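Worksheet: one structure, shown below.
Please treat every number below as a calculation from the coordinates, not as lab data. If you're wondering where the values come from, they're calculated on a predicted model, not measured in any experiment. Note that each Cβ is placed from the backbone with ideal geometry, even for glycine, and that neighbours are counted across all protein chains shown.
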Amino acid sequence: MLKGDFPVERFAGLRTPFYYYDLPLLRRTLDLVQAQLDRNPEFRVHYAVKANYNSRILAEIASRGFGADCVSGGEVQAALDAGFPAEGIVFAGVGKSDEEIRLALQAGISRFNVESAAELEIIDALAGEMGKVAPVALRINPDIGAHTHAGITTGLAENKFGINYEQLDEVMDLALRLQHVQYVGMHFHIGSQILDMSDFVALCNRVNELVVRLQRGGRPVGDINVGGGLGINYQHPNHLPIADFEGWFDTFRKHLKLPQGTIVHFEPGRSIVAPCGSLICRVLYVKQGTHKQFAIIDGSMTELVRPAMYRAYHRVENLSSSEPEEIYDVVGPVCESSDVFVKEFSMDKCHRGDFVAIRSAGAYGEAMASRYNLHRIPDAYFFEG
Ligand code: LLP
């Protein structure tokens, strides 16, 4: 959505900051993912609900027949409420509570991505009590780095996620022995906002190695879930609004060496929803500092924490002005010096009351909003197209 396409006249009556979602862009993105699935009949997509659990967004994705990847009982329930069928729901997470496991068993989800032997035993016991058999995939920590922010790698041995790949045989034998779980496959996820496809090639190589090891030991392989992680272009939201799904799926098609007919699951979150969302704020004040000029806006780390938390870049656009650009530090009102969106950033001259859009905020934006400094949880509005 180009700067001129944002309906600022409509924004005038709305309380800022709020999230604004471009549904035609979301639909184009989903069309593209679907086209990739049509070319790769053994691939399945489970949208990672953690990226954005806005009910309207979930309903849009569910209506396309994709599955959902959840990490809490709350997300499992939100996915069910949005119309994802239970058979399309997978449930990961290192610390699933008994209550969450029971909820997922009751709903009849398609699999638990199990992250430890201890968890496997609890799922077995709870399923036994409920007279059920839980489908389980083992989440393996592949010990693979990813070129992304240190805070969002997940596939290194030092990260808390998954079962150490050296213990795979042992934990699988436990899964095969237990009465109330059924082994259905392996799950991996190496991190998020990954643009370097060689990271995914490294994952494929590790998966191939483990598949051979399982086959040699006479153990089942089942399905392979390679997680999410595909990055988007935060620099150029207007020129590159859709992630490189083709390159991503092609990488796995080329590099995974799996038994004929093996189903491969993907869990994209950010790449589906990040580009379609913006946080719309108003400029409150323009302030001259000793060496800097600040554009103080009414949105903050409370509504969009990514810049403060990961030093993540989001492009900022002044939607109300086309006066010659000036240099600003764009900051929020929260009492923390990390409440900064961008520093030394050139944008159209700002005035009190201007609307600014913080772009590419559809993933991990609204979903991570808090009430810090007792702000309200931001509202969400939709561009229908
Ligand atoms: N599958 C699993 C098991 C995951 O842990 C994640 C994300 C995904 C799929 C989806 O990954 P995606 O396609 O969105 O990269 N809050 C951080 C990102 C944390 C990602 C956590 N796991 C951020 O704002 O950058």
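With contacts taken as Cα pairs under 8 Å and at least 6 residues apart, region 23-274 reaches a relative contact order of 20 percent. Largest mean-square fluctuation among ALA48, ALA175, ALA79, in a Gaussian network model of the chain whose springs join Cα atoms under 10 Å apart, belongs to ALA175. Note on the chain: with a GNM built from Cα contacts shorter than 10 Å, the maximum mean-square fluctuation among CYS335, CYS350, CYS276 falls on CYS335.
Exposure proxy ranking for HIS180, HIS291, HIS265, based on other Cβ atoms within 10 angstrom of each Cβ and starting from the fewest, stands as HIS291, HIS180, HIS265.
Cross-link partners of LYS96 among lysines, defined as those whose alpha carbon lies under 28 angstrom from its own and excluding same-chain residues fewer than eight positions apart: LYS50, LYS132, LYS160. Of the residues LEU174, LEU374, LEU240, the one that moves most in a GNM of the chain with alpha-carbon contacts below 10 Å is LEU374.
When the charge dipole of the chain is built from unit charges on Cβ atoms (+1 for Lys and Arg, -1 for Asp and Glu) and taken about the Cα centre, the candidate among GLY65, LEU240, ALA127 whose Cα reaches farthest toward its positive end is LEU240.
With both labels modelled 7 Å from their Cα along Cα-to-Cβ, the GLN293 to ASP5 distance reads 2.9 nm. Neighbours of GLY229 by Cβ distance under 9 Å: Lys/Arg scored +1, Asp/Glu scored -1, total -1. Of the GluC sites (Glu not before Pro) found in region 49-104, not one falls in a DSSP loop while having at most 10 other beta-carbon atoms within 10 Å.
Using only the alpha-carbon atoms of the chain as identical scatterers, what base-10 log of I(q)/I(0) does the Debye formula give at q = 0.06, 0.07, 0.10, 0.14 Å⁻¹? Summing over Cα pairs of the chain leads to -0.25, -0.34, -0.67, -1.16. The base-10 log of I(q)/I(0) for region 272-385, evaluated at q = 0.10, 0.12, 0.18, 0.22 Å⁻¹, reads -0.26, -0.38, -0.88, -1.30 [Debye formula, identical scatterers on Cα atoms, solvent excluded]. In terms of Cα to Cα distance under 21 Å, which lysines are near enough to LYS349, apart from those fewer than 8 places away along the same chain? Filter leaves LYS3, LYS287, LYS292. The distance separating the Cα centre of region 323-350 from that of region 18-56 comes to 31 Å.
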